[in-house]
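Input: a single structure, listed below in structure tokens.
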Amino acid sequence: MKKFIGLLLLGSILTTPAGAVVLKDVSVSGTKRLENATILSYLNVKTGQDISASDLDQATKTLFATGLFSDVSVKMSGNTMVVNVAENPIVHEVFFEGNDKLDDDVLKSEIMLKPRTVYTKSKAQTDADRLLNVYKRSGRFGATVTPKIIKKDQNRVDVVFEIDEGAKTVIEKINFIGNEQYSADELKDVMITKENAWYRFFSSTDTYDPDRLNYDQEMLRRFYLQHGYVDFRVKNAVAELMPDKSGFVLTIEVEEGKRYRFAQPEIIVSLPEYKGKAKTDLKSYLEFKEGERFNSELVDRTIENLTDEFANAGYAFAEVTPEFFKDEEKQTVRVVFRAQEGAKVFVNKINIHGNSRTQDKVIRREFRLKEGDAFNASKLRRSKQRVENLDYFEKVDFKTVPVYGDSSRTDIDVQVAEKSTGSFNVGVGWSSYDGLLFETGITERNILGTGNIVNLNAMISQRETQYTAGLTDPYFLDLPLLAGIELFRTSRDNSDYSSYSYNSTGGSVRFGWDYTDRLRQTVRYTLRQDDVTDIDDDASIYIKEQDGKTTVSMIGQDLSYDRRDSRINPTEGYYLSLGTDVAGVGGNTKFFRANVTGIQYFPVTDDVVWSIRADGGHVWGWGGQDVRINNRYFLGDASLRGFEYGGVGARDRVTDDALGGNWYATASTELVFPVGLPKELGIKGKVFSDAGYIGKPDGYNPETMEYKDSLRASVGTGILWQSPMGMINLDFAVPVLKESGDKTQVFRLNFGKGF
């Protein structure tokens, strides 16, 4: 028997690694919150297992890796593994101290430590670093964040992040190296990032943002490519933090290269229907000519024109690819547009993300592509532009995602970031004609996410009081049909120039639709009651004849064609409109009216724009009625600068009251230019010349009315300021063609009100 036991012990020694022992038991101590079984599950050991020093080391590392413990000790005592742990505390609350510029909610969204999570020093430091990055993104590079804990009972802690936000770290200076063709000021205007200045207190563009700087480099590249510098590149862009951490100095090194012009372009089409047409019919789609300065935008526009043409001809998958052939000696670039049938790809799904408030259909109806349509890159670009034009979103991203396993289909993923679409406006202004005015209004451009527009406005001035309320549905009955209704009440004191007051109360309904992206039609019906009242005792007999109330029931339409590059700040293109109204379909007032407008913009240089404008209108009474005074035209003020409102035209010889006219025509030319101030101030100068002519009113009597049948004209200069209150327009105009009896106005100021 002894011999048998000895053999067993010998076998055990021979099969057990040197330095290892057989595990018989595990003892755990130090736990407060965790069960011992939980720790055993992490150790993953079993009794009867051989345990070596390396196993003990691995067990220690495994327990530390859980993040549950601040201290771990694992050792063997005989055949027992003794595990002693110190648990990390649990977070009770998280606090921020010293933060003023960023709210607690913003900071909490950035950190990992939350109530009821395990606290570790590494997590706290990681969160502190994340908070520092948040402050850096907001332009505060001098901020410091120090994590601290306050111990509580039951192994809990409150985590406190002590924050010193520091001063806003602004861009103190932007330097350029290598720029010869354009000054540093011109290049700074191209960039979104701006230098610190007193007038930028409402802007964050003067803070350092690495992403913004990267985008600025792309903006500089586009600027030079639009001006013919094909070889331009940004060699280096460095942001250096000043020693006192008060600001950054940006240094941008550029290589401009030479300026190139377009050589003779060529269009090569591999589509059957277009063979033999490339050199003739398609030339009209070119946006540039040989000898013009190279401009990458014109190349892009040509691609869009050709793509649309091929798509309209049935080639939905046509691809237009430009090839560039540079001649360095002649400094020209020949662009060859190759059009061929691309891969047949159809739109599978359109997925929209980020619109928590705006309904999906409001976004989808702006798409020029639908699910199941042939994919078209030009229509996709146009769809993105239309969604951006809604002005409901801060950011709009479009991505095409191929469908896995099917090369003939692609998904379109749309990511939007919503912004506020409601506004409450309060403004005070002054007009040379209206005097002091106060204006307030509430507008919601996307009520309940439907895309409908609701507005309530009130305007009170020394001459006029106006109240309006309206509702507009851009897609009535889910059709591409705009429908709107408006109620209004207007009271106007015209005693200064025609010795009467005028009240109008009513409403209108309108419908509008687009024939094309450029051609728009609107029809409307208006029902209103007009009241000519408060006529002065010594007023003209022709004014007294207008006393009383009348009802106007009127049908009208507006047809407009818009080829401007921008509706807000146009620099080229033209705009045409024709409006007609017929009153007398009901009511007791009968007249027919037609108005035309035409505007053309010409870019003289990158910052100088010349425009010419012509307006005209004619109103006729019918059914034996003369045109009442409140439906006639009055020339002056905004329509003919240099003359008062109603300062030109027929007047009563005795009372000097303005009587208006049944037709008018005006023309003007204007040159708008920079005045040397930073672009973001929105201040520009202008010089202009106006000319106008107004016809006689109904019932004209040369014995009792004074009317000079001649052209009036003026010249002047002024300032345009796109201020936070709205457009401020300051004009100084001098009449150069006028008649005795005309009422002139050299100085004209409008602000706080659209005009």
>> On C-alpha positions alone, give me the angle between the axis of helix 377-389 and the longest principal axis of the chain, in degrees, nearest 10.
In response: 80
> What residues qualify as long-range amide H neighbours of residue 653, i.e. H under 5 Å apart, gap of 5 or more or another chain, H built at 1.01 Å from N?
Replying inline: 705, 706
> Got a sec? What order do 684, 738, 194 fall in by accessible area at 1.4 Å, biggest, i.e. largest, first?
Replying inline: 738, 684, 194
> Largest first, what is the accessible-area ranking of 482, 271 with a 1.4 Å probe?
Replying inline: 482, 271
> Long-range amide H contacts for residue 573: which residues qualify at under 5 Å (H placed 1.01 Å from N, peptide plane, sequence gap of 5 or more or a different chain)?
Replying inline: 601
>> Using protein chains only and a probe of 1.4 angstrom, how many square angstrom of residue 287 are accessible, to the nearest 10?
In response: 70
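Which FRET efficiency value, to the nearest 0.05, is calculated for residue 709 and residue 344 with the Förster distance at 56 angstrom and r the Cβ-Cβ distance? It would help to have the intermediate numbers written out before the result.
Numbers: r = 68 Å, r/R0 = 1.22.
Calculated transfer efficiency: 0.25.
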> On full extension of the chain, what length is gained from residue 727 through residue 536, given 0.36 nm per residue of separation minus the C-alpha to C-alpha distance?
Replying inline: 65.2 nm
> Quick one: putting +1 on the C-beta of Lys and Arg, -1 on the C-beta of Asp and Glu, what dipole do you get for the range 165-268 around its Cα centre, in Debye to the nearest 20?
Replying inline: 180
> Which is farthest toward the positive dipole end of the chain among 694, 740, 23, measuring Cα position about the Cα centre, with Cβ charges +1 (Lys, Arg) and -1 (Asp, Glu)?
Replying inline: 23
> Given 10 Å bins starting at zero, what is the percent of C-alpha pairs of the chain in each, up to the one with the largest pair distance?
Replying inline: 2, 9, 14, 17, 16, 14, 10, 7, 4, 3, 2, 1, 1, 0, 0, 0
> Against the longest principal axis of the chain, how steep is helix 210-226, in degrees 0 to 90 to the nearest 10, with axes from Cα atoms?
Replying inline: 50
> Once amide H atoms are placed 1.01 Å from N in the peptide plane, what residues at a sequence separation of 5 or more from residue 230, or on another chain, have their amide H within under 5 Å of its amide H?
Replying inline: 260
> Which ³J(HN,Hα) values in Hz, rounded to whole numbers, follow from the phi angles of the range 598-608 under the Karplus curve 6.51 cos²θ - 1.76 cosθ + 1.60, where θ = phi - 60° and Gly and Pro get x?
Replying inline: x, 9, 10, 10, 10, x, 6, 9, 4, 10, 10
> So what are the ³J(HN,Hα) numbers for the range 229-234, from phi and the Karplus equation (6.51, -1.76, 1.60; θ = phi - 60°), rounded to whole Hz, Gly and Pro as x?
Replying inline: 8, 5, 8, 4, 7, 8
> Straight-line reach from residue 75: which lysines have Cα under 23 Å away, leaving out those fewer than 8 places along the same chain?
Replying inline: 24, 32, 46, 61
> Under the classification rounded if a/c is under 1.5, otherwise prolate if a/b is larger than b/c and oblate if not, where does the range 314-409 fall, given a ≥ b ≥ c as square roots of the Cα gyration tensor eigenvalues?
Replying inline: oblate
> Each residue of the range 260-265 in turn: what ³J(HN,Hα) in whole Hz from Karplus with 6.51, -1.76, 1.60 and θ = phi - 60°, glycine and Pro shown as x?
Replying inline: 10, 10, 6, 7, 4, x
> Roughly how many debye, to the nearest 20, is the charge dipole of the chain about its Cα centre, given +1 on each Lys and Arg Cβ, -1 on each Asp and Glu Cβ, and no other charges?
Replying inline: 2660
> Does the range 560-623 come out rounded, prolate or oblate, given a ≥ b ≥ c as the square roots of the eigenvalues of its C-alpha gyration tensor, rounded meaning a/c under 1.5 and, failing that, prolate meaning a/b above b/c?
Replying inline: prolate
>> Can you give me the % of accessible surface on the range 227-325 that is carbon or sulfur? Probe 1.4 Å, all protein chains present, nothing else counted.
In response: 45
>> Given a 1.4 Å probe and heavy atoms of the protein chains only, how would you sort 477, 43, largest accessible area at the top?
In response: 477, 43
> Relative to the longest principal axis of the chain, what angle (0 to 90°, nearest 10) does the C-alpha long axis of helix 2-15 take?
Replying inline: 30
>> What is the sum of charges, Lys and Arg at +1 and Asp and Glu at -1, for the other residues whose Cβ falls under 14 Å from the Cβ of residue 68?
In response: +3
> Can you pick out the pairs among 108/188; 168/419; 136/326; 590/708 whose Cα atoms lie more than 32 Å from each other?
Replying inline: 108/188; 136/326
>> Projecting each Cα onto the charge dipole of the range 249-342 (Lys/Arg +1, Asp/Glu -1 at the beta carbon, about the Cα centre), which of 314, 342, 291 comes out farthest on the positive side?
In response: 291
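The values are calculated or read from the model by the stated rules, or taken from the named source; none is laboratory data. Fair warning: this is a prediction, and the values are worked out from it, not measured in the lab. Cβ coordinates were reconstructed from backbone atoms using ideal geometry, including for glycine residues, and neighbour counts include every protein chain displayed. For the accessible areas, the whole protein counts, side chains as well, though only heavy atoms, and no ligand, DNA or RNA atoms are used. Shrake-Rupley method; radii C 1.70, N 1.55, O 1.52, S 1.80 Å.
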